[in-house]
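The values are calculated or read from the model by the stated rules, or taken from the named source; none is laboratory data. All values reported here derive from a predicted model rather than from experimental measurement. Virtual Cβ from ideal backbone geometry, glycine too; neighbours counted across all protein chains shown. SASA here: full protein model, heavy atoms, side chains in, ligands and nucleic acids out. Shrake-Rupley method; radii C 1.70, N 1.55, O 1.52, S 1.80 Å.
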Amino acid sequence: MAAVRLWRWRCRCRALLSRPAGAVRAQRGLAAGPEMHFGFQTVTEEERREKIYQVFETVAKKYDVMNDSMTLGIHRVWKDILVHKMNPCPGTLLLDVAGGTGDIAFRFINYVRSVRQRQLQRKLKHNQNLSWQEIFESYQEDKFNSLGDSQVVVCDINREMLKVGKQKAQRLGYSEGLSWVLGNAEELPFDDDKFDVYTIAFGIRNVTRIDLALQEAYRVLKPGGRFLCLEFSHVSNPLLSRLYDLYSFQVIPVLGEVIAGDWRSYQYLVESIRQFPPQEELKAMIEDAGFFKVDYENLNFGIVAIHSGFKL
(Lines give C-alpha, C1' and ligand atoms only; values in the text may rest on other atoms or scores of the structure.)
Protein backbone atom coordinates (compact mmCIF):
# COMPACT_ATOMS: atom_id res chain seq x y z
CA MET A 1 0.00 0.00 0.00
CA ALA A 2 2.79 2.41 0.89
CA ALA A 3 4.55 1.55 -2.36
CA VAL A 4 1.43 2.42 -4.38
CA ARG A 5 1.07 5.74 -2.57
CA LEU A 6 4.73 6.50 -3.15
CA TRP A 7 4.34 5.80 -6.91
CA ARG A 8 1.27 8.04 -7.16
CA TRP A 9 2.98 10.77 -5.17
CA ARG A 10 6.05 10.68 -7.41
CA CYS A 11 3.83 11.07 -10.47
CA ARG A 12 2.21 14.17 -8.96
CA CYS A 13 5.61 15.58 -7.99
CA ARG A 14 7.03 15.11 -11.50
CA ALA A 15 4.01 16.91 -12.94
CA LEU A 16 4.47 19.78 -10.48
CA LEU A 17 8.22 20.11 -10.98
CA SER A 18 7.84 20.12 -14.76
CA ARG A 19 5.55 23.17 -14.62
CA PRO A 20 6.89 26.71 -15.00
CA ALA A 21 7.49 28.45 -11.65
CA GLY A 22 4.82 31.03 -12.49
CA ALA A 23 2.18 28.35 -12.79
CA VAL A 24 2.89 27.15 -9.27
CA ARG A 25 2.80 30.69 -7.91
CA ALA A 26 -0.50 31.39 -9.65
CA GLN A 27 -2.01 28.40 -7.85
CA ARG A 28 -1.11 29.75 -4.42
CA GLY A 29 -4.16 32.02 -3.95
CA LEU A 30 -4.02 32.46 -0.19
CA ALA A 31 -7.44 34.05 0.11
CA ALA A 32 -8.98 34.14 -3.35
CA GLY A 33 -12.70 34.17 -2.59
CA PRO A 34 -14.24 31.25 -0.66
CA GLU A 35 -11.74 28.72 -2.11
CA MET A 36 -8.31 28.22 -0.55
CA HIS A 37 -5.47 25.72 -0.73
CA PHE A 38 -4.77 22.85 1.60
CA GLY A 39 -1.43 21.88 0.14
CA PHE A 40 -2.23 21.37 -3.54
CA GLN A 41 -5.93 20.68 -2.90
CA THR A 42 -8.56 23.38 -3.39
CA VAL A 43 -10.89 23.55 -0.39
CA THR A 44 -13.18 26.00 1.37
CA GLU A 45 -11.88 28.18 4.20
CA GLU A 46 -13.68 26.11 6.81
CA GLU A 47 -12.44 22.83 5.34
CA ARG A 48 -8.88 24.15 5.43
CA ARG A 49 -9.15 25.08 9.10
CA GLU A 50 -10.50 21.65 9.98
CA LYS A 51 -7.95 19.74 7.92
CA ILE A 52 -5.00 21.66 9.40
CA TYR A 53 -6.34 21.12 12.91
CA GLN A 54 -6.54 17.38 12.22
CA VAL A 55 -2.99 17.34 10.84
CA PHE A 56 -1.49 18.74 14.05
CA GLU A 57 -3.77 16.75 16.30
CA THR A 58 -2.44 13.64 14.55
CA VAL A 59 1.27 14.55 14.52
CA ALA A 60 1.51 16.22 17.95
CA LYS A 61 3.18 13.31 19.79
CA LYS A 62 5.77 12.77 17.03
CA TYR A 63 6.14 16.44 16.09
CA ASP A 64 9.56 17.02 17.68
CA VAL A 65 10.99 13.70 16.46
CA MET A 66 9.83 14.41 12.92
CA ASN A 67 11.32 17.93 13.02
CA ASP A 68 14.69 16.40 13.85
CA SER A 69 14.32 13.78 11.12
CA MET A 70 13.08 16.11 8.36
CA THR A 71 15.71 18.79 8.93
CA LEU A 72 18.52 16.54 10.20
CA GLY A 73 18.35 18.55 13.43
CA ILE A 74 19.05 21.88 11.72
CA HIS A 75 15.72 23.31 12.92
CA ARG A 76 17.35 23.62 16.34
CA VAL A 77 19.99 25.96 14.91
CA TRP A 78 17.35 28.02 13.08
CA LYS A 79 15.40 28.46 16.31
CA ASP A 80 18.56 29.44 18.20
CA ILE A 81 19.24 32.09 15.54
CA LEU A 82 15.69 33.41 15.93
CA VAL A 83 16.06 33.85 19.69
CA HIS A 84 19.51 35.45 19.34
CA LYS A 85 18.03 37.83 16.77
CA MET A 86 15.31 38.68 19.29
CA ASN A 87 17.98 39.29 21.96
CA PRO A 88 15.50 39.52 24.85
CA CYS A 89 16.45 41.20 28.09
CA PRO A 90 15.08 40.54 31.59
CA GLY A 91 11.56 41.92 31.82
CA THR A 92 10.60 41.04 28.23
CA LEU A 93 7.04 39.82 27.70
CA LEU A 94 6.93 37.39 24.77
CA LEU A 95 3.95 35.93 22.93
CA ASP A 96 4.88 32.79 21.00
CA VAL A 97 2.03 31.90 18.62
CA ALA A 98 1.66 28.38 17.21
CA GLY A 99 4.34 27.44 19.75
CA GLY A 100 2.67 24.26 20.99
CA THR A 101 5.65 22.08 21.92
CA GLY A 102 7.53 24.98 23.52
CA ASP A 103 10.77 25.07 21.52
CA ILE A 104 10.89 28.87 21.24
CA ALA A 105 9.58 29.42 24.77
CA PHE A 106 12.27 27.22 26.35
CA ARG A 107 15.01 28.91 24.33
CA PHE A 108 13.67 32.31 25.41
CA ILE A 109 13.78 31.29 29.08
CA ASN A 110 17.32 29.93 28.76
CA TYR A 111 18.50 33.08 26.99
CA VAL A 112 17.00 35.46 29.56
CA ARG A 113 18.40 33.41 32.44
CA SER A 114 21.84 33.62 30.86
CA VAL A 115 21.57 37.41 30.44
CA ARG A 116 20.36 37.76 34.02
CA GLN A 117 23.27 35.66 35.30
CA ARG A 118 25.81 37.78 33.43
CA GLN A 119 24.23 40.94 34.80
CA LEU A 120 24.54 39.63 38.34
CA GLN A 121 28.17 38.64 37.83
CA ARG A 122 29.03 42.10 36.47
CA LYS A 123 27.25 43.72 39.39
CA LEU A 124 29.21 41.70 41.92
CA LYS A 125 32.54 42.39 40.18
CA HIS A 126 31.88 46.11 40.46
CA ASN A 127 31.22 45.75 44.19
CA GLN A 128 34.43 44.18 45.49
CA ASN A 129 33.73 45.23 49.06
CA LEU A 130 30.62 43.08 49.47
CA SER A 131 30.66 40.58 52.31
CA TRP A 132 30.18 36.87 51.71
CA GLN A 133 26.68 37.19 53.17
CA GLU A 134 25.74 39.95 50.72
CA ILE A 135 27.08 37.96 47.77
CA PHE A 136 25.14 34.89 48.93
CA GLU A 137 21.92 36.91 49.29
CA SER A 138 22.37 38.34 45.79
CA TYR A 139 22.62 34.86 44.32
CA GLN A 140 19.63 33.68 46.34
CA GLU A 141 17.57 36.62 45.12
CA ASP A 142 18.51 35.81 41.53
CA LYS A 143 17.63 32.14 42.08
CA PHE A 144 14.05 33.06 42.95
CA ASN A 145 13.73 35.60 40.12
CA SER A 146 16.04 34.20 37.45
CA LEU A 147 14.00 35.74 34.61
CA GLY A 148 13.89 39.27 35.98
CA ASP A 149 10.07 39.37 35.57
CA SER A 150 10.24 38.11 31.98
CA GLN A 151 7.32 35.99 30.84
CA VAL A 152 6.49 33.93 27.78
CA VAL A 153 2.96 33.02 26.76
CA VAL A 154 2.65 30.06 24.40
CA CYS A 155 -0.53 30.33 22.34
CA ASP A 156 -1.69 27.51 20.09
CA ILE A 157 -5.03 26.60 18.52
CA ASN A 158 -4.45 22.87 18.95
CA ARG A 159 -5.10 21.23 22.33
CA GLU A 160 -2.92 18.21 21.57
CA MET A 161 0.08 20.38 20.71
CA LEU A 162 -0.34 22.34 23.95
CA LYS A 163 -0.68 19.09 25.88
CA VAL A 164 2.62 17.82 24.46
CA GLY A 165 4.25 21.18 25.23
CA LYS A 166 3.10 21.18 28.84
CA GLN A 167 4.34 17.62 29.36
CA LYS A 168 7.68 18.55 27.83
CA ALA A 169 7.99 21.63 30.07
CA GLN A 170 7.29 19.53 33.16
CA ARG A 171 9.83 16.92 32.10
CA LEU A 172 12.53 19.55 31.43
CA GLY A 173 11.79 21.59 34.54
CA TYR A 174 10.34 24.77 33.00
CA SER A 175 7.62 26.50 35.01
CA GLU A 176 8.72 29.99 36.04
CA GLY A 177 7.49 32.74 33.71
CA LEU A 178 5.72 30.29 31.40
CA SER A 179 2.02 30.01 30.58
CA TRP A 180 -0.04 28.15 27.98
CA VAL A 181 -3.12 29.55 26.25
CA LEU A 182 -5.50 27.94 23.78
CA GLY A 183 -6.11 30.52 21.08
CA ASN A 184 -6.46 31.29 17.39
CA ALA A 185 -3.76 33.38 15.70
CA GLU A 186 -6.48 35.12 13.68
CA GLU A 187 -8.37 36.18 16.83
CA LEU A 188 -5.96 36.31 19.76
CA PRO A 189 -7.46 36.29 23.28
CA PHE A 190 -5.27 39.17 24.52
CA ASP A 191 -5.62 42.91 25.09
CA ASP A 192 -4.18 45.54 22.76
CA ASP A 193 -0.59 46.74 23.27
CA LYS A 194 0.31 43.92 25.66
CA PHE A 195 3.50 42.19 24.46
CA ASP A 196 7.07 43.32 23.77
CA VAL A 197 7.76 40.58 21.21
CA TYR A 198 5.59 38.33 19.04
CA THR A 199 7.11 35.20 17.52
CA ILE A 200 5.67 32.57 15.21
CA ALA A 201 7.98 29.73 14.13
CA PHE A 202 6.91 27.33 11.39
CA GLY A 203 3.30 28.26 12.06
CA ILE A 204 2.20 31.12 9.84
CA ARG A 205 1.88 29.01 6.68
CA ASN A 206 -0.71 26.90 8.54
CA VAL A 207 -2.84 29.94 9.35
CA THR A 208 -5.92 30.11 7.14
CA ARG A 209 -5.99 33.92 6.89
CA ILE A 210 -2.42 35.19 7.11
CA ASP A 211 -3.59 38.79 6.75
CA LEU A 212 -5.77 38.49 9.87
CA ALA A 213 -2.96 36.83 11.85
CA LEU A 214 -0.59 39.67 10.97
CA GLN A 215 -3.18 42.27 11.97
CA GLU A 216 -3.63 40.50 15.31
CA ALA A 217 0.14 40.39 15.82
CA TYR A 218 0.24 44.15 15.29
CA ARG A 219 -2.69 44.74 17.65
CA VAL A 220 -1.29 42.84 20.65
CA LEU A 221 2.23 44.29 20.41
CA LYS A 222 3.17 47.36 22.39
CA PRO A 223 4.38 50.44 20.46
CA GLY A 224 8.03 49.64 19.79
CA GLY A 225 7.27 45.92 19.94
CA ARG A 226 8.86 43.47 17.53
CA PHE A 227 7.37 40.86 15.21
CA LEU A 228 9.54 37.84 14.30
CA CYS A 229 8.55 35.04 11.96
CA LEU A 230 10.63 31.95 11.22
CA GLU A 231 9.25 29.97 8.30
CA PHE A 232 10.19 27.69 5.42
CA SER A 233 10.59 29.80 2.33
CA HIS A 234 11.82 29.72 -1.28
CA VAL A 235 15.31 28.73 -2.40
CA SER A 236 16.74 31.09 -5.01
CA ASN A 237 19.46 28.82 -6.41
CA PRO A 238 17.86 26.73 -9.23
CA LEU A 239 20.04 23.66 -8.72
CA LEU A 240 19.64 23.64 -4.95
CA SER A 241 15.91 24.30 -5.38
CA ARG A 242 15.52 21.19 -7.53
CA LEU A 243 17.47 19.04 -5.05
CA TYR A 244 15.41 20.47 -2.20
CA ASP A 245 12.19 19.64 -4.04
CA LEU A 246 13.33 16.08 -4.64
CA TYR A 247 14.19 15.61 -0.96
CA SER A 248 10.95 17.24 0.19
CA PHE A 249 8.57 15.36 -2.08
CA GLN A 250 10.35 12.00 -2.25
CA VAL A 251 11.77 11.61 1.26
CA ILE A 252 9.77 13.58 3.84
CA PRO A 253 6.39 11.86 3.30
CA VAL A 254 8.17 8.50 3.53
CA LEU A 255 9.76 9.57 6.84
CA GLY A 256 6.29 10.56 8.03
CA GLU A 257 5.02 7.09 7.22
CA VAL A 258 7.95 5.29 8.82
CA ILE A 259 8.35 7.41 11.99
CA ALA A 260 4.87 8.75 12.65
CA GLY A 261 2.75 6.30 10.66
CA ASP A 262 1.26 9.29 8.84
CA TRP A 263 2.05 9.82 5.17
CA ARG A 264 -0.71 12.33 4.40
CA SER A 265 0.11 14.87 7.12
CA TYR A 266 3.71 15.20 5.99
CA GLN A 267 2.65 15.23 2.37
CA TYR A 268 0.53 18.28 3.28
CA LEU A 269 3.41 19.93 5.15
CA VAL A 270 5.64 19.68 2.09
CA GLU A 271 2.90 20.99 -0.20
CA SER A 272 2.13 23.86 2.19
CA ILE A 273 5.75 25.04 1.96
CA ARG A 274 5.53 25.24 -1.83
CA GLN A 275 2.24 27.14 -1.64
CA PHE A 276 3.60 29.68 0.86
CA PRO A 277 4.45 33.20 -0.37
CA PRO A 278 8.10 33.90 -1.23
CA GLN A 279 10.20 36.22 0.93
CA GLU A 280 9.38 39.53 -0.78
CA GLU A 281 5.67 38.77 -0.93
CA LEU A 282 5.52 37.94 2.78
CA LYS A 283 7.49 41.10 3.53
CA ALA A 284 4.86 43.15 1.67
CA MET A 285 2.07 41.44 3.63
CA ILE A 286 3.78 42.29 6.94
CA GLU A 287 4.12 45.92 5.84
CA ASP A 288 0.44 45.97 4.82
CA ALA A 289 -0.43 44.96 8.40
CA GLY A 290 1.21 48.20 9.62
CA PHE A 291 4.73 47.11 10.56
CA PHE A 292 7.77 49.27 9.87
CA LYS A 293 11.44 48.47 9.22
CA VAL A 294 10.42 45.10 7.79
CA ASP A 295 13.25 42.94 6.52
CA TYR A 296 14.21 39.30 6.31
CA GLU A 297 17.25 37.08 6.59
CA ASN A 298 17.60 33.92 4.52
CA LEU A 299 19.08 30.89 6.25
CA ASN A 300 20.56 27.97 4.32
CA PHE A 301 20.07 29.67 0.95
CA GLY A 302 16.42 30.49 1.65
CA ILE A 303 15.22 27.10 2.80
CA VAL A 304 13.97 29.14 5.74
CA ALA A 305 13.76 32.88 6.35
CA ILE A 306 13.36 35.06 9.40
CA HIS A 307 11.12 38.09 8.82
CA SER A 308 11.27 40.97 11.28
CA GLY A 309 9.19 44.11 11.74
CA PHE A 310 8.38 46.73 14.37
CA LYS A 311 5.22 48.39 15.61
CA LEU A 312 6.06 52.10 15.83
Open item on the list: Sort 246-259, 219-232 by the packing proxy (mean of other Cβ within 10 Å over each peptide's residues), most packed first.
Closed with: 219-232, 246-259
TODO: Please work out how much length the chain gains when fully extended from Asp191 to Glu47, using 0.36 nm per residue of separation minus the C-alpha to C-alpha distance, in nm with one decimal.
DONE: 48.9 nm
Task: FRET efficiency for Gln117 and Asp288, using Cβ-Cβ distance with R0 set to 35 Å, rounded to 0.05 - done: 0.30
Task: Rounded D (µm²/s) - region 62-117, Kirkwood Rh over Cα pairs, Stokes-Einstein at 37 °C, 0.692 mPa s - done: 271 µm²/s
Open item on the list: Please compare each pair in Lys163/Lys194; Lys166/Lys293; Lys51/Lys293 to a cut-off of 32 Å on the Cα-Cα distance and tell me which ones are over it.
Closed with: Lys166/Lys293; Lys51/Lys293
Open item on the list: What distance in nm lies between label points placed 7 Å from Cα along the C-beta direction at Val258 and Glu57?
Closed with: 2.9 nm
Open item on the list: Solvent-accessible area of Arg118, probe 1.4 Å, all protein chains present, reported in Å² to the nearest ten, please.
Closed with: 110 Å²
Task: All Cα pairs of region 197-312, percent lying beyond 25 Å - done: 29 percent
Open item on the list: Under the 0.36 nm per residue contour assumption, what length would be gained going from the current alpha-carbon distance of Gln250 and Val181 to full extension?
Closed with: 21.2 nm
Task: Theoretical gain in end-to-end length, Asn237 to Glu281 [0.36 nm per residue, Cα-Cα removed] - done: 14.1 nm
